[in-house]
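Chemist: Structure incoming, see below.
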Amino acid sequence: MSSLIPPADSPGDPNALYGFWYPALRSERIRERGLATAMLLEIPLVLGRDAAGRAFALRDACPHRGMPLSYGWFDGSAVECSYHGWKFDAHTGQCREIPSLTADSKLRVDRIFAGSFPCEERDGYVWVYIPDPAGRPGSDDSPPPAPELPKFGQRYRITHLEADLPCSVDHGIIGLMDPAHGPFVHQSWWWRKRHSIHEKQKQFEPIPNGFRMSTHEPSANSAPYRLLRRLYGQPVTTTIDFVLPNMRFEVIRCDEAWFSSRATVTPVRRDLCRIDFVAAWNVLPWMLGQVSLLRFFGKRFIRQDQETMIRQAEGLKHNPQLLLIDDADRPAKWYFALKAALLESRRAGQPLKHPIEGPVTLRWRS
Ligand code: FES
Ligand SMILES: [Fe+2]
């Protein structure tokens, strides 16, 4: 006879959206037979790669007595728990062996499972699909393919940056889409200065599960754009998309040159998220083609955001009343409206009713 000990309540991350792919960690962190750990939406995960190189993700808790499976051993196809040696298939989580059972045991070992999650690799990340815990029909039967960074040719360079942010995923995301903090947080000679603040007007439009800052010529007061324009003698265009649950894509094009980046804010715990930035670009002449240069500036940019959010977290700890204003905080308002619309569409089993009805122009100073 087997009997179940009920789990302590684990309500999960109240701010996070389930039923989506999230980047758990960088691909390079799992090598050969090694096991790595990560946390997504307060779910502890153990990740590895089978003998054929295919990544897997299991809940990092043995279904016997909860020992993290990451303390165990992996033989290329099954993970063995370090406590009593139960073995689980790395991809399905199905139990294969319980060493303590005697030959006449009636226990159906194959009906015991460690939690397992769909897992795919893209652009140097291991993505894990976190299903809706309510398990609503249709939502999770076969997850869509994991997100991919848009690329516009075969030859390109790619680089990755990341930073932990000590706040809920919502604050991480609205920080990411906030157009008004630039001149205060990201001041520098090569980007923009506080006195360069001027009025801006940008058109936005709805896209599935998100919104787009329509394709436009970027601000003339940023050195990198000026340089691009000079090098190629062609107009520079940029398109910025936000897509639920947590992705900001930016594509910059100038003649045949392109630069494509994506920032994702991944909920780790309710009080911690991580920003992952990946950028790919085709070969540009001279300095803009340098990975190290891009990393240098990118790191600095992300560190400025990170330091700001560490300070903001001091204030948020005390649960202050907050204020979102038009038009600079309209994208943040849209994010919350999109999230609510998505949850409502799932609850009602209806298509998402998009909170943005058509093109909108926003105006702000930055
Ligand atoms: S806790 Fe894993 S085998 Fe007992
Ligand atoms: Fe920023």
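The values are calculated or read from the model by the stated rules, or taken from the named source; none is laboratory data. This structure is a prediction, so every number in the text was calculated from the model and none was measured. Reconstructed Cβ throughout: ideal geometry from the backbone, glycine too, with neighbour counts over all protein chains shown. Keep in mind that these areas ignore ligands, DNA and RNA; they rest on the heavy atoms of the full protein, side chains included. Shrake-Rupley method; radii C 1.70, N 1.55, O 1.52, S 1.80 Å.
Chemist: Of all residues in segment 83-101, which are loosely packed, with under 14 Cβ neighbours inside 10 Å and either within 16 Å of ligand 2 (Cβ to nearest atom) or free of Cβ contacts under 8 Å to residues at least 24 places away in the same chain (or both)? Can you show your working first?
Modeler: Kept after step one, since they are loosely packed, with under 14 Cβ neighbours inside 10 Å, are these residues of segment 83-101: 84, 92, 97, 99-101.
Correct list: H84, E97, P99, S100, L101.
Chemist: What about A57, is it buried (at least 18 other Cβ atoms within 10 Å of the Cβ), touching a residue at least 12 places away in the same chain (Cβ under 8 Å) and among the small types (G, A, S)?
Modeler: yes
Chemist: Among the residues of segment 260-287, write down those that are open to solvent by 40 Å² or more (accessible area, probe 1.4 Å) and either modelled with pLDDT under 90 or within 18 Å of R248 (Cα to Cα) (or both).
Modeler: Step one: of segment 260-287, the residues open to solvent by 40 Å² or more (accessible area, probe 1.4 Å) are 269-271, 277, 283, 285-287.
F277, V283, P285, W286, M287 - these are the residues of segment 260-287 that are open to solvent by 40 Å² or more (accessible area, probe 1.4 Å) and either modelled with pLDDT under 90 or within 18 Å of R248 (Cα to Cα) (or both).
Chemist: Do any strands (runs of 3 or more DSSP E) lying entirely in segment 1-115 carry at least 2 residues that are within 16 Å of ligand 1 (Cβ to nearest atom), and which ones are they?
Modeler: Those strands (runs of 3 or more DSSP E) span 43-49, 55-59, 78-80, 87-89, 95-97.
Chemist: Checking the condition among the charged types (D, E, K, R), outside any strand (DSSP E or B) and buried (at least 18 other Cβ atoms within 10 Å of the Cβ), which residue from D326, D305 passes? Spell out how you get there, then give the answer.
Modeler: Details: D326 fails: buried (at least 18 other Cβ atoms within 10 Å of the Cβ).
The match here is D305.
Chemist: Can I ask one more? Surrounded by 12 or more Cβ atoms within 10 Å (Cβ to Cβ), within 16 Å of ligand 2 (Cβ to nearest atom), in a strand (DSSP E or B) and among the small types (G, A, S) - does that describe any residue in segment 178-188?
Modeler: no
Chemist: Separate question: Residue under question is R347, and the condition is that it be assigned to a helix (DSSP H, G or I) and under 22 Å from the mean Cα position of the chain (by Cα); does it hold?
Modeler: On the way: assigned to a helix (DSSP H, G or I): yes; under 22 Å from the mean Cα position of the chain (by Cα): no.
When the stated conditions are applied, R347 does not pass them.
Chemist: Check off (1) buried (at least 20 other Cβ atoms within 10 Å of the Cβ); (2) in contact (Cβ under 8 Å) with a residue 60 or more places away in the chain for Q203 and give me the number that stays unchecked.
Modeler: Going through the list (1) buried (at least 20 other Cβ atoms within 10 Å of the Cβ); (2) in contact (Cβ under 8 Å) with a residue 60 or more places away in the chain, Q203 breaks only (1).
Chemist: Show the residue pairs that are 6+ apart or on different chains and have beta-carbon atoms under 8 Å apart, the first residue being within segment 330-346 and closer than 17 Å to N246 by Cβ, the second being assigned to a helix (DSSP H, G or I) and hydrophobic (A, V, I, L, M, F, W, C).
Modeler: Close Cβ pairs satisfying both conditions: P331/I174; A332/I174; Y335/I173; Y335/I174.
Chemist: Quick one: G298 ticks every box in (1) under 21 Å from the mean Cα position of the chain (by Cα); (2) open to solvent by 40 Å² or more (accessible area, probe 1.4 Å) except a single one, so which number is it?
Modeler: For G298, the failing item is (2).
Chemist: Can I ask one more? Would you please list the contacts, defined by Cβ atoms under 6 Å and residues six or more apart or on different chains, that run from a residue in segment 108-129 that is closer than 30 Å to H160 by Cα to a residue that is open to solvent by 30 Å² or more (accessible area, probe 1.4 Å) and assigned to a loop (DSSP other than H, G, I, E, B)?
Modeler: As it stands, the answer is S116/T92; P118/P143; R122/E148; Y129/P118; Y129/P143, since those pairs meet every condition given.
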